[in-house]
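Participant: Structure provided below as structure tokens; questions to follow.
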Amino acid sequence: MNYIFYFLIVISIIAGALNGKLSDVVNAILSGAELSVKVAFSLIGIMAFWLGMMKIAKQSGLIEFIAKLIKPITKRLFNEIPEDSPAIGDIAMSFTANAFGLANAATPIGIKAMEELQHQNKDKNSASNAMCMFLAMSTAGFQLIPATVIAVLIGIGYKNPTSIIAPTLLVTSIAFISAIALAKIFQKYWKPQKNNGGKD
Amino acid sequence: MFQSVMNFISLWALPAIIITILTLGLIKKVPIYEVFTDGAKEGFKVSVNIIPYLVAIIVAISMLRASGIIELTGEILAPVLSHFNVPADIIPIMIVRSLSGSAALGIFSDIAHNLGPDNYATTLAAVMVGSSETTFYVLAVYFGAVGIKKLRYALLVGLLADFIGIAAAVSVCNLMYLR
């Protein structure tokens, strides 16, 4: 991450200078910083709501139940996590929220799942295999209906806006399965390193 | 049929989940109000915890977008990508997709309004934006919330999967809409 962070910023400054857009790049620091805080603060309410809901779900045994239900799949994907761990239930809930396009529920629940995975993580600074797998599943963004995109298409009078559901679903499935497969392959060959000086 | 079923599910998914959680909580004699407020307390802490990670990622990406390098990369890639029937208008979406969801949606919206409903670029852009999640944002928020600093292969896998998604979108749309 150190190199990526450095690369993104230095490249932007150099490219901005060459394009004569250096002042835009400098202004972007301020607007970007402002935007980050806005994003974080806009999350507080919905985050509180879903963390509250998830706590009820956990105490009533619902999350454990879901975890048991999908055990056959998660056993293979998250083989380092105990089968009855609450993390598995949270992961399933997060996946469901994503699939139905409930973005504002998916983020808090996803964070909850990540926290559960962190409990079982030995090195608290470094992502575990399970965390990388869950992140791969989340960044692939498996979604059944791209509601926002369809709304834009309806707005411009696209002939049959929902016709894009099928190709989109196919593409998102391919990306999702690839992400899982890649995470599986990488975890075999990319062992966690000890004390590599904060490198990635 | 498929459509109306899907719309029904989209509309009812959230209410159904909430009713299930609350009802089951009451049946199992969980003091739902207390437990809810107790869990909700965490909301503020988690949101504040992710601020440093969001600032790092969002500032870097805002700078990158302001620098004009995305347009430049697009110009370099255009001749290569035209072999795969990728219209030049689409290229910014391909580059920006993993970096910023709102930017990708904004570009898609521009394409849709400027090129209109009958243009292949509109369809391809729709599939590309609809099938993706913003890798950098998810990474910053999810890992930031728990304080992970060493990502290991997580970003690489996310970006490779994004690339596969782009290739899949181009192939699927080529097959469905151009033949």
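Participant: Amide H of A:Ser126: which non-local residues (sequence gap of 5 or more, or other chain) have their own amide H closer than 5 Å, using H built in the peptide plane?
Facilitator: B:Lys149, B:Lys150
Participant: At 7 Å along Cα-to-Cβ for each site, give me the label-to-label distance between A:Asn125 and B:Ile18 in nm.
Facilitator: 4.2 nm
Participant: Counting partner chain Cβ atoms within 10 Å of every residue's Cβ in B:111-123, what's the average?
Facilitator: 3
Participant: Just to check, using Stokes-Einstein with a Kirkwood Rh over alpha carbon pairs, what's the diffusion coefficient of the protein assembly as shown at 4 °C and 1.567 mPa s in µm²/s?
Facilitator: Answer from the Stokes-Einstein relation: 60 µm²/s.
Participant: Using θ = phi - 60° and the Karplus curve 6.51 cos²θ - 1.76 cosθ + 1.60, what whole-Hz ³J(HN,Hα) does each residue of region B:19-36 get, with Gly and Pro shown as x?
Facilitator: These are the phi-based 3J(HN,Hα) values: 4, 4, 4, 5, 5, 4, x, 5, 4, 7, 6, 7, x, 4, 5, 5, 5, 4 Hz.
Participant: Once R0 is set to 30 Å, what does the formula 1/(1 + (r/R0)^6) return for the Cβ-Cβ distance between B:Phe163 and A:Ile14, expressed as a FRET efficiency to the nearest 0.05?
Facilitator: 0.75
Participant: With θ set to phi - 60° and the Karplus curve 6.51 cos²θ - 1.76 cosθ + 1.60, what are the ³J(HN,Hα) couplings of region A:15-31 in order, to the nearest whole Hz, using x for Gly and Pro?
Facilitator: So the J values, rounded to whole Hz, are 5, x, 5, 5, 8, x, 10, 4, 5, 4, 5, 5, 4, 5, 4, 5, 5.
Participant: What list of ³J(HN,Hα) couplings, whole Hz, do you get for region B:97-109 from phi and the Karplus terms 6.51, -1.76, 1.60, once you set θ to phi - 60° and write x for glycine and proline?
Facilitator: 3, 7, 8, 8, x, 5, 5, 4, 5, x, 5, 4, 4
Participant: By the gyration tensor of its Cα atoms, with a ≥ b ≥ c the square roots of the eigenvalues, what is the shape of chain A: rounded for a/c under 1.5, prolate for a/b over b/c, or oblate?
Facilitator: Because a/c hits 1.5 or more and a/b fails to exceed b/c, chain A counts as oblate.
Participant: Loop-only trypsin sites (Lys or Arg not before Pro) in region A:100-142, please: DSSP not H, G, I, E or B, and at most 13 other Cβ atoms within 10 Å.
Facilitator: A:Lys122, A:Lys124
Participant: Any idea what the alpha-carbon Rg over 2.2 N^0.38 Å comes to for region A:67-118?
Facilitator: Normalised by 2.2 N^0.38 Å, the Cα Rg of region A:67-118 equals 1.07.
Participant: Give me the distance in nm between label points sitting 7 Å out from Cα along the Cα-to-Cβ direction at B:Phe84 and A:Arg76, one decimal.
Facilitator: 2.8 nm
Participant: Taking the mean number of other Cβ atoms within 10 Å as a proxy for protection, how do you rank A:18-30, A:168-180 from highest to lowest?
Facilitator: The packing order, highest mean first, is A:168-180, A:18-30.
Participant: Near A:Ile91, within a Cβ-to-Cβ distance under 10 Å, what is the net charge of the other residues, with Lys and Arg +1 and Asp and Glu -1?
Facilitator: -1
Participant: Given R₀ = 30 Å, what would the calculated FRET efficiency be for A:Leu69 paired with A:Ile177, taking r from the Cβ atoms and rounding to 0.05?
Facilitator: In this case the efficiency is close to 0.90.
Participant: What's the local net charge at B:Ala121, with K and R +1, D and E -1, over the other residues with C-beta under 14 Å away?
Facilitator: With Lys, Arg at +1 and Asp, Glu at -1, the net is -3.
Participant: What size of dipole, in debye to the nearest 20, comes out for chain A about its Cα centre when the only charges are +1 on Lys and Arg C-beta atoms and -1 on Asp and Glu C-beta atoms?
Facilitator: Rounded to the nearest 20 debye, it is 360 debye.
Participant: Take peptide A:91-98, look around each residue's Cβ out to 10 angstrom, count Cβ atoms belonging to other protein chains, and average those counts.
Facilitator: Going residue by residue through A:91-98 and averaging, the value is 1.
Participant: Do any chymotrypsin sites (Phe, Trp or Tyr not before Pro) in region B:57-150 lie in a DSSP loop with no more than 10 other beta carbon atoms within 10 Å, and if so, which?
Facilitator: Here the chymotrypsin sites (Phe, Trp or Tyr not before Pro) that fit, given the DSSP loop and packing criteria, are B:Phe84.
Participant: How large is the convex hull of the C-alpha atoms of chain B per residue, in Å³?
Facilitator: For chain B, the hull spanned by Cα atoms encloses 175 Å³ per residue.
Participant: Treating only the Cβ atoms of Lys and Arg (+1) and Asp and Glu (-1) as charged, compute the dipole magnitude of the protein assembly as shown about its Cα centre; round to the nearest 20 debye.
Facilitator: 960 debye
Participant: Run the helix sum for the protein assembly as shown: -39,500 (n - 2.57) per DSSP H stretch of 4+ residues, divided by residue count, reported at 222 nm to the nearest 500 deg cm²/dmol.
Facilitator: -25000 deg cm²/dmol
Read-outs throughout are calculated quantities, based only on the coordinates presented, and are distinct from any laboratory measurement. Keep in mind it's a predicted model, so treat the numbers as computed, not measured. Using ideal geometry, Cβ is built from the backbone for each residue, glycine included, and neighbour counts are taken over all protein chains shown.
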